[in-house]
Amino acid sequence: MSDIADWFKRLPLFTRWWLALTAGFSLLGRFGIFKAYQLVLLYEPFIKQFQIWRPFTAVFYYPLTPPTGFHFLINCYFLYNYSLRLETGIFDGRPADYFFMLIFNWLCCVTVALIADIPLLMDPMVLSVLYVWCQLNKDVIVNFWFGTQFKAMYLPWVLFAFNLIISGGGILELVGILVGHLYFFLMFKYPQELGGPTLLSTPSILYSWFPNQRGGVHGFGIPPATRRPANDGGGGGGGGGGDRHNWGRGQVLGGNN
């Protein structure tokens with residue numbers, strides 16, 4: 001138990017809280033302390049009855065019933081994996097920038113979920129983080145099921161197609177891909193590669209709450225032309241999906257699991 005506690009304390013701030021709140025709310029729902037109906041995102045209770053906690057709890061709660069319990073564990077693994085790699089990789093020393101990415105992705109997921117009647121936001125949030133990692137490490141080779149290999153930039157689409165074929169789902173993956181792409185395009189590609197104006201930037205108030213830890217300037221430089229080694233930002237595998245499928249697992253060739 002002490003080893004687990006030490007491991008948990010060593011996690012970066014937002015990955016630690018995201019993982020802890022996900023486990024906490026899911027267990028509270030599993031043991032009936034809160035009813036699942038009270039934790040999911042529903043349009044009428046949120047808009048008309050002002051139950052403003054629903055967009056928050058819908059990110060952290062996931063049903064732990066037998067058909068979805070294993071998928072929850074897979075979700076937690078990839079939440080930990082990709083959030084950790086981003087927070088200690090390109091966002092290293094920039095907690096405000098990483099927090100802003102999570103806020104932006106969350107707001108986009110909530111907006112789409114209200115329109116498309118999606119009650120649970122864990123899948124699209126995790127996949128949006130996965131997508132950002134894949135775009136920042138697009139040339140890294142990952143392994144998928146049955147020994148298939150491809151560049152990381154294709155991984156989110158492989159997961160989308162896999163779930164679409166196997167279980168007829170795919171909407172949650174698609175939402176995560178679109179949200180992750182919107183953030184990556186506005187933050188990196190449009191202003192830095194296409195020469196457009198900066199349309200998305202971290203609010204200054206977040207820097208006062210979470211100051212840079214390395215004395216750097218606010219914001220980012222250009223995405224690295226040579227991708228980080230596996231220990232900095234690489235590695236990882238597939239993720240995303242609906243309630244009735246499992247994710248593939250990829251890893252950087254030569255990396256540690």
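A few notes on this one:
- At q = 0.18, 0.28, 0.31 Å⁻¹ the log10 of I(q)/I(0) for the stretch 67-117 amounts to -0.76, -0.97, -1.00, computed by Debye summation with a single uniform scatterer per C-alpha, solvent ignored.
- Cut-off 20 Å (backbone N to label point 7 Å along Cα→Cβ of LEU27), residues of the stretch 119-150: 122
- Here the translational diffusion coefficient of the stretch 1-54 follows from Stokes-Einstein with Rh set to the Kirkwood radius across Cα pairs; for 37 °C and 0.692 mPa s it amounts to 250 µm²/s.
- At 1.306 mPa s and 10 °C, Stokes D of the stretch 100-162 from Kirkwood alpha-carbon radius, µm² per second: 123 µm²/s
- The stretch 12-107 - Kirkwood radius from inverse mean 1/r over Cα pairs (Å): 14.4 Å
- In this simple spin-label model, placing a label point 7 Å from the Cα along the Cα-to-Cβ direction at both THR198 and LEU164 gives a separation of 3.6 nm.
- Residues LYS138, LYS48, LYS151 ordered from highest to lowest accessible area at a 1.4 Å probe: LYS48, LYS151, LYS138.
- With all protein chains modelled, accessible area of PHE72 [1.4 Å, Å²]: 20 Å²
- All C-alpha pair distances within the stretch 133-212, sorted into 10 Å bins from zero, spread as 16, 33, 31, 16, 4 percent across the bins.
- Measuring nothing but protein heavy atoms, the accessible surface of the stretch 1-156 at 1.4 Å probe radius is 69 percent carbon and sulfur.
- A probe of 1.4 angstrom, applied to the heavy atoms of all protein chains, finds TYR131 with accessible area near 10 square angstrom.
- Spin-label proximity, PHE150 to the stretch 112-144 - amide N less than 15 Å from point 7 Å beyond Cα toward beta carbon: 131, 134-135, 138-144
- Between the stretch 7-66 and the stretch 130-192, the Cα center-to-center distance that results, in Å: 25 Å
- Per residue, in Å², the accessible surface of the stretch 22-126 once ligands and nucleic acids are set aside, probe 1.4 Å: 44 Å²
- Sorting ASP123, ASP139 by accessible area puts them as ASP139, ASP123; the probe is 1.4 Å, largest comes first, and only protein heavy atoms count.
The values are calculated or read from the model by the stated rules, or taken from the named source; none is laboratory data. Everything numeric in this text was worked out from a predicted model, so none of it was measured. Glycine also receives a Cβ, built like all others from the backbone with ideal geometry; neighbour counts cover every protein chain displayed. When the accessible area is computed, the model is the full protein with side chains, heavy atoms only, and any ligands, DNA or RNA have been set aside. Shrake-Rupley method; radii C 1.70, N 1.55, O 1.52, S 1.80 Å.
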